[in-house]
């Protein structure tokens, strides 16, 4: 797998075109592979030759069935997982490890339980040596953005799941990242809370002009949030389809109800569900 | 088919059903009353030699006399000093080692094969060596008490550290924290509640070893008093010593429990969870 992809990289004709792409893209991912070492010298190819770009202020969603390697791709961008082959560039700089230019929100609740909401949001600024006054301003701004100001002195155990994920979002954004990486951030929430969180996220991302790369397997969530959907298929994970959203950026619907009044969204939903059925093994058929 | 009525008394035994606080206290108290009552009845039975098995009242009298006339308080304080000094030394060594081993698999791979087997070497078997090396004073006693707990402390603190969720560490990494910062500001505070629990549990082991430490070549301390009493067949004084050790153990345990509540209130609020809606 590694050999094949590296030769691809050298001989691929669209290499010149992609260099241009590379110059304008916020995040540039080219021919990325991930192999996991298994027992007995076997390797598992989790991600095979994945290429895509994310533009400034774009919300890009990785959608696909379980085992399609979408989380692995996100973790490689975060620098939490090494890259077996290919290149990942953020602002034309190759990624070498985790860094504060890429904020991450996990599915599990990762608020530090011994710190208050305020101290959690402040954490990144503190370890990066920002002054007290600066920390205060930025922290208050983002706590306000996620509407947690009345709870800024509460501890995470006193908050609901949705509120904890808002702390995680504020904490990631307060650190001033270039891109926000989200790994099924609302996967553990109640459906009604998930709704509210999606609308809140859309609002914040637009106000902060943030670029987002998000993983989900919730079709509805992908439709509502995305400017661009990358549909992945599994074994090994590859990009099956690149789907631009019917409406982009500020033209996107801001509530769930209004989205389903637009026929293009309903058609796209059907299309994605067909894709999902195609790539998923169905034991009943 | 008709359901047979359950006897009234059995209705109180529901599987995993919470018991009211008042009933809990009452039941706990009742078990102690029954214990002392049983002891008293057994000891005052004519078949029993009261000198070898004195009733509780005699033991409490002996305890009073020990404090009032034999300066037992000095022995108790001496024992407490040995426990605190040895435990302090053990923690000072075990805490950094355990944290490093739990954080860096490289350190674990190097030290665990060495530390782990030491847990299975019985600490009392080192007493003859310690007597030769350190004499019969406090140094020997404290060294023995350190040896008794330190291997367990190191491996348990390592386990506590390894149990810190990886997501917390990864979150800190993506927020730009370096290795030192992560160890100091994430791994240590995240592992600390369990480490304090480990301290509490291993302190009980320390109290167990204290008696052994003070039975061998000791002139003061609770254990030494018990050995003196044995020479004169003062069984009531021996039992009084046991009671004091049990009481002190419970006192230290309770103190560490309270400390846990004080330091980590966020772990003791489960009833109030989701205090705020949505």
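Structure values in brief
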| read-out | value |
| --- | --- |
| Spread of Cα-to-Cα distances over 10 Å intervals beginning at zero, given as percent, for the protein assembly as shown | 3, 13, 18, 18, 15, 12, 10, 7, 3, 1, 0 |
| Value in Å of the Kirkwood radius, where the stretch B:1-106 supplies the Cα pairs that are averaged | 20.2 Å |
| Top of B:224, B:109, B:11 by mean-square fluctuation, Gaussian network on chain B, Cα under 10 Å | B:11 |
| On Cα atoms only, tilt of A:2-11 relative to the major axis of chain A in degrees | 80 degrees |
| Alpha carbon Rg of the stretch A:72-196, scaled by the compact-globule rule 2.2 N^0.38 Å | 1.10 |
| Overall Cα dimensions of the stretch A:200-266, principal axis frame, Å, largest first | 36, 29, 17 |
| Neighbour-count ranking [beta-carbon atoms within 10 angstrom, fewest first] of B:188, B:144 | B:188, B:144 |
| Normalised contact order of chain B, rounded percent, pairs of Cα under 8 Å and 6 or more residues apart | 22 percent |
| Directionally averaged shadow of the stretch B:135-205, computed from the convex hull of its alpha-carbon atoms, nm² | 5.8 nm² |
| Cα-Cα P(r), the stretch A:137-285, percent of pairs per 5 Å interval | 2, 8, 17, 19, 19, 15, 10, 6, 3, 1, 0, 0 |
| Cα-derived Rg over Rh, computed across the stretch B:136-275 with Rh taken as Kirkwood radius | 1.15 |
| Among B:194, B:45, B:12: highest mean-square fluctuation, GNM of chain B, C-alpha pairs under 10 Å | B:12 |
| Inter-chain Cβ neighbour average for residues B:151-162, partner chain, 10 Å | 0 |
| Hull volume in cubic angstrom per residue (convex hull over the Cα atoms of the stretch B:56-244) | 133 Å³ |
| Of A:259, A:76, A:214, the one that fluctuates the most in a GNM where chain A has Cα springs shorter than 10 Å | A:259 |
| Nearest-ten-degree value, helix A:15-24 long axis tilted from longest Cα axis of chain A | 10 degrees |
| Inter-part distance where the stretch A:223-237 and the stretch A:47-63 are each reduced to a Cα centre, Å | 8 Å |
| Ordering of A:179-192, B:23-36 by burial proxy (mean other Cβ atoms within 10 Å per residue, highest first) | A:179-192, B:23-36 |
| Shielding by partners - mean other protein chain Cβ count within 10 Å, residues of B:177-189 | 2 |
| Relative contact order for the stretch A:2-279, counting Cα pairs under 8 Å that sit 6 or more residues apart, in percent | 24 percent |
| Percentage of interatomic Cα-Cα distances in chain A larger than 36 Å | 17 percent |
| Inverse of mean 1/r across different Cα pairs in the stretch A:79-123, Kirkwood, Å | 13.0 Å |
| Degrees, to the nearest 10: A:117-127 long Cα axis against longest axis of chain A | 60 degrees |
| Residue mean of other protein chain beta carbons inside 10 Å, B:163-169 | 3 |
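Read-outs throughout are calculated quantities, based only on the coordinates presented, and are distinct from any laboratory measurement. Everything numeric in this text was worked out from a predicted model, so none of it was measured. Cβ atoms come from the backbone with ideal geometry, glycine included; neighbour counts cover every protein chain shown.
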